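Structure first, commentary second.
Every number here is computed from the coordinates shown, using simple stated rules; none is lab data. Bear in mind that the values here come from a model prediction, so they are computed numbers and not experimental data. Here the Cβ is made from the backbone with ideal geometry for all residues, glycine too, and neighbour counts use every protein chain on show.
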């Protein structure tokens with residue numbers, strides 16, 4: 001297993017790490033359904049620094065995916081600011097590449113290689129030759145060299161997610177946005193993908209914002225975890241998890257942190273139940 | 001049986017196997033038999049269907065024995081050969097095809113413009129769906145009298161009715177296809193910074209291609225029908241009539257075998273376009289991409 005010591009890595013390689021790369025301040029996000037305006041998050045603030053593996057964790061309906069979509073530029077906040085490198089985020093852009101949960105994020109009419117090259121070419125970031133070289137390098141990093149000329153429908157779910165990760169990383173974005181990328185995979189493949197992702201991070205030290213609803217995944221993948229309360233999402237805590245990877249899974253500290261987060265999320269539910277019971281008693 | 005609630009699973013000894021080499025299993029793969037392989041060939045199966053239909057035609061025509069109302073397959077083929085080599089059939093067909101392609105291309109272009117407007121603005125969507133709902137059910141041939149009034153007796157009238165028959169079918173299918181493109185693919189496209197016409201060209205059109213192709217096929221069939229029907233109604237403007245005119249002329253002269261030959265020409269062109277043109281497009285696009293089996 002890979003032992004990860006991001007704190008050492010950070011202090012050595014990143015002198016600029018004192019100002020945040022992504023800064024989210026008091027952000028309230030709302031979306032419209034046919035009849036309602038739903039508040040997804042309420043005054044959420046957090047800072048992501050260079051080479052962070054920053055995880056947004058919370059139960060479903062806590063607005064973590066909405067937050068990620070906000071950072072990606074698909075959703076404008078009704079209140080607060082989101083800044084990347086000091087610039088306000090106002091639209092989707094290839095400097096924030098997104099990896100989605102769904103397997104159909106690859107373009108079915110392009111091969112693996114073409115899929116990875118596509119954003120580099122359309123955004124004008126690289127010439128064809130350079131795009132090809134970079135694409136091949138990252139396809140190799142995710143161990144898909146043998147499948148570079150295959151079409152997405154020939155690949156398994158895990159392979160598709162690898163292609164999506166390679167595609168996003170080949171762009172060398174300022175920040176990599178991952179929306180539950182492993183949620184639709186089986187448990188064995190998920191574990192393997194988590195390990196590979198951590199290995200990739202060891203190699204290139206990219207910055208990522210990772211959304212999950214699995215406490216275990218958050219602790220393993222993340223270096224810092226933002227715990228959100230359910231509906232509308234508010235910040236409950238920001239915790240450090242850089243000391244944990246798969247290797248530490250059996251350790252008591254790992255169990256303790258899991259339990260601590262579990263209680264944070266679970267306490268809310270007990271409170272709510274108590275409240276609704278009290279309400280029922282009054283009514 | 002009697003004491004289910006206290007039943008406990010029987011504890012059995014554990015074991016581990018060393019798996020047998022796959023090579024020792026023997027027949028892992030076996031080639032298909034000749035019959036199985038032949039029955040897997042698409043065109044062969046279709047050819048068999050055609051031969052059976054042809055035999056049925058010939059048998060019935062001989063049994064009926066009235067070449068004025070129902071000529072045999074052999075007579076039809078002779079007439080087709082004669083009309084193609086010595087007669088005007090080839091020229092008539094080319095005239096028809098020229099008009100057809102003009103109308104089809106123009107219809108596709110206008111449909112493209114309409115759907116692009118429809119996906120970019122909400123009012124465009126409303127416009128397209130209202131127009132489609134209004135005009136799609138209107139038979140193109142019903143517009144022919146008006147077209148004759150506006151454009152006179154000639155090719156522009158034909159092109160007008162063909163455009164009408166192609167436009168709505170293609171626009172409806174394309175727009176439905178665009179709406180069905182998954183949210184993830186849309187967001188992925190926007191994530192790369194694609195916007196406007198580039199977004200339509202590089203993401204929406206390929207992603208909606210199965211629907212677009214279905215629209216193209218329906219449009220083609222509608223165009224054919226409309227053209228032949230229109231030619232039957234008002235015949236010919238100058239000396240260069242089309243296939244419909246050929247059929248009409250021969251019916252008037254009671255050359256029934258030639259009428260059948262004209263119809264057969266329509267069918268053959270339809271088959272060729274379907275099995276060569278559209279099939280080739282399908283093989284190189286939606287099938288290769290795994291969007292269609």
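Using a Gaussian network for chain A with springs between C-alpha atoms less than 10 Å apart, which of these wobbles most: A:136, A:177, A:226?
Comparing A:136, A:177, A:226 in a Gaussian network model of chain A, the most mobile one is A:136.
Provide, as a two-decimal number, the C-alpha radius of gyration of the protein assembly as shown over 2.2 N^0.38 Å, N being how many residues it has.
It is 1.34.
With angles folded into 0 to 90 degrees, how steeply does helix A:252-282 sit against the dominant principal axis of chain A? Use alpha carbons for both and round to 10.
Approximately 40 degrees, to the nearest ten.
If one computes P(r) from the Cα atoms of region A:21-141, what percent of pairs lie at distances over 24 Å?
41
Once both labels are modelled 7 Å past Cα along the beta-carbon direction, what's the residue B:142-residue B:229 spacing in nm?
If labels sit at residue B:142 and residue B:229, their model points lie 1.0 nm apart.
Inside 10 Å of the C-beta atoms of B:192-202, what's the mean count of C-beta atoms belonging to other chains?
4
Send over the Kirkwood Rh of chain B, from the inverse of the averaged 1/r over different Cα pairs, rounded to one decimal Å.
For chain B, the Kirkwood estimate is 23.8 Å.
If you take the beta carbon distance between residue A:87 and residue B:276 as r and set R0 to 60 Å, what does 1/(1 + (r/R0)^6) give as a FRET efficiency, to the nearest 0.05?
That gives a FRET efficiency of 0.65.
What does the extension gain come out to for residue A:183 and residue A:39, with contour length at 0.36 nm per residue minus their alpha carbon separation?
49.4 nm
Does anything in region A:120-140 have its amide N under 11 Å from the 7 Å Cα→Cβ label point of residue A:204, and if so which residues?
Backbone N within reach: A:134-140.
Divide by every residue of the protein assembly as shown the summed helix terms, -39500 (n - 2.57) for each DSSP H run of at least 4, and state the resulting mean residue ellipticity at 222 nm, rounded to the nearest 500 deg cm²/dmol.
-17000 deg cm²/dmol
At a Förster radius of 60 Å, what calculated FRET efficiency corresponds to the Cβ-Cβ distance of residue B:8 and residue A:76, to the nearest 0.05?
0.45
Which value in nm describes the separation of the simple spin-label points at residue A:146 and residue B:150, placed 7 Å from the Cα toward the beta carbon?
Distance between the two pseudo-spin positions: 6.2 nm.
When the expected Rg is taken as 2.2 N^0.38 Å, what fraction or multiple of it is the alpha-carbon Rg of chain A?
Ratio of Rg to 2.2 N^0.38 Å for chain A: 1.04.
Tell me the volume per residue, in Å³, of the convex hull enclosing the alpha carbons of region A:104-172.
73
Please give the FRET efficiency for residue B:19 paired with residue A:249, using the beta carbon to beta carbon distance and R0 = 25 Å, rounded to the nearest 0.05.
The pair residue B:19/residue A:249 has a calculated efficiency of 0.30.
If I take the Cα coordinates of region A:172-243 and project them onto the principal axes, what are the three extents in Å, biggest first?
34, 29, 24 Å, listed from the longest principal axis down.
Hey, got the Cα dimensions of region A:122-266 along the principal axes, in Å, largest first?
That gives 51, 30, 27 Å along the principal axes, largest extent first.
Give the shape of region A:33-94 as rounded, prolate or oblate, defined through the alpha-carbon gyration tensor: a ≥ b ≥ c are the square roots of its eigenvalues, a/c under 1.5 means rounded, and otherwise the shape is prolate if a/b is larger than b/c and oblate if not.
Because a/c hits 1.5 or more and a/b fails to exceed b/c, region A:33-94 counts as oblate.
Once you have the Cα-Cα distance between residue B:121 and residue B:34, take 0.36 nm times their residue separation minus that, and quote the gain in nm to one decimal.
Once the chain is fully extended between residue B:121 and residue B:34, it gains 25.6 nm.
Cα axis of helix B:89-120 to longest principal axis of chain B: angle in degrees, 0 to 90, nearest 10?
Orientation of helix B:89-120: about 50 degrees from the principal axis.
Based on DSSP, what percent of beta bridges with both residues in chain A are antiparallel, to the nearest 5?
Beta bridges within chain A, antiparallel portion: roughly 55 percent.
Can you tell me, using C-alpha contacts under 8 Å and at least 6 residues apart, the relative contact order of chain B as a whole percent?
21
What percent antiparallel are the DSSP beta bridges of the protein assembly as shown, to the nearest 5?
Among the beta bridges of the protein assembly as shown, antiparallel pairing accounts for roughly 55 percent.
If you line up the long axis of helix B:73-85 against the longest principal axis of chain B, both from Cα atoms, how many degrees apart are they, to the nearest 10?
Compared with the principal axis, the helix lies near 60 degrees.
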